[in-house]
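Colleague: One structure is given below, represented as C-alpha cells, and several questions about it will come after.
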Amino acid sequence: MIEKSDDIIIKTMARIFVPFIQIYALYVIMHGHHSPGGGFQGGVILAASFILLIITYGVKDTQKRISDKAVAIFSSSGVFIYAGIGVVCLILGGNYLDYSKLAKLLHVVPAEARSLGILGVEIGVGLAVMAVMFSVFFNISKGEDVGEDKKNLG
C-alpha cells in the first residue's frame with residue numbers, strides 16, 4: 001500500500017504541479033482533433049495527475065477526496081458521451097459517428113459539425129480513460145487481498 005508522504009517539498013511541488021498537469025491534459029484533449037493528441041493521451045495525462053496525488057497523499061487521504069463512486073460516474077459518463085454521439089448520428093439518418101449529420105441538430109455547416117462531434121468523442125474518451133487508469137492504479141495501490149482468491153491460491 002502506498003503510504004502518505006510527510007515531506008513538505010513533495011507535497012508543495014505536487015500541489016503546484018497538479019493543476020498545470022490537468023490544464024495540459026485538457027489542452028491535449030481539446031486539441032486532439034486538430035493536432036497530435038486526443039482523448040486517450042489527455043485521459044492518461046489527467047489520470048497521472050490524480051496518481052501523483054495518490055503517491056503524495058497516500059491511498060487513504062486520496063480516497064477521502066475521490067470516491068469510487070465518482071470514478072465510476074466519470075468512467076460511465078465518458079462511455080455514454082462517446083456512444084451517445086454515435087447513436088445521435090444514427091438517429092439523424094447517418095452511420096455511427098457520421099458527424100456531418102450533427103449539422104442538422106447543431107445548426108452549423110457539416111464541416112463544423114464534424115469538428116464538434118470529434119471534440120465530443122475526444123472528451124468522452126478522455127473521461128473514460130482517466131477514470132479507468134486512475135481506478136486501476138488506485139485498486140493496485142490499495143494492496144488488499146480478496147478472500148476467495150486468497151483461499152484458491154493456497
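Computed from the coordinates by the stated procedures, all read-outs in this text should not be read as laboratory data. Note that the coordinates shown come from a computational prediction; the quantities given were computed from them, not determined experimentally.
Colleague: I want to verify a result. In a Gaussian network model of the chain, Cα cutoff 10 Å, which of these has the top mean-square fluctuation: Val28, Val59, Val129?
Modeller: Judging by the Gaussian network model, the answer is Val59.
Colleague: Write down the Å³ per residue value for the convex hull defined by the alpha carbon atoms of the chain.
Modeller: In the chain, the Cα convex hull volume per residue is 147 Å³.
Colleague: How large is the helix-only mean residue ellipticity at 222 nm for the chain, computed as the sum of -39500 (n - 2.57) over DSSP H runs with n ≥ 4, divided by its residue count, in deg cm²/dmol to the nearest 500?
Modeller: -26500 deg cm²/dmol
Colleague: Return the single residue from Leu106, Leu127, Leu97 with maximal mean-square fluctuation; model: Gaussian network over the chain, springs between Cα atoms under 10 Å.
Modeller: With Cα springs under 10 Å in the chain, the top fluctuation among Leu106, Leu127, Leu97 is at Leu106.
Colleague: Got a sec to turn the phi values of the stretch 23-33 into Karplus ³J(HN,Hα) couplings, 6.51 cos²θ - 1.76 cosθ + 1.60 with θ = phi - 60°, whole Hz, x for Gly and Pro?
Modeller: These are the phi-based 3J(HN,Hα) values: 5, 5, 4, 5, 4, 5, 5, 5, 9, x, 8 Hz.
Colleague: Output ³J(HN,Hα) for the stretch 109-115: one whole-Hz value per residue in order, computed from phi by the Karplus curve 6.51 cos²θ - 1.76 cosθ + 1.60 with θ = phi - 60°, and x for Gly and Pro.
Modeller: Working through the residues one at a time gives 6, x, 5, 6, 5, 4, 4 Hz.
Colleague: So what are the ³J(HN,Hα) numbers for the stretch 57-73, from phi and the Karplus equation (6.51, -1.76, 1.60; θ = phi - 60°), rounded to whole Hz, Gly and Pro as x?
Modeller: Computed from phi, the couplings for the stretch 57-73 are 9, x, 5, 5, 5, 5, 5, 5, 7, 10, 7, 4, 5, 5, 5, 5, 5 Hz.
Colleague: How much length would be gained if the chain were fully extended between Ile9 and Val108, taking 0.36 nm per residue of separation minus their Cα-Cα distance, in nm to one decimal?
Modeller: 30.6 nm
Colleague: Within the chain, what is the number of lysine pairs with alpha carbons under 18 Å apart, leaving out pairs fewer than eight places apart on the same chain?
Modeller: Taking the chain as the scope, the lysine pair count is 10.
Colleague: Tell me the relative contact order for the stretch 8-142 as a rounded percent, counting alpha carbon contacts under 8 Å between residues six or more apart.
Modeller: This gives 32 percent for the stretch 8-142.
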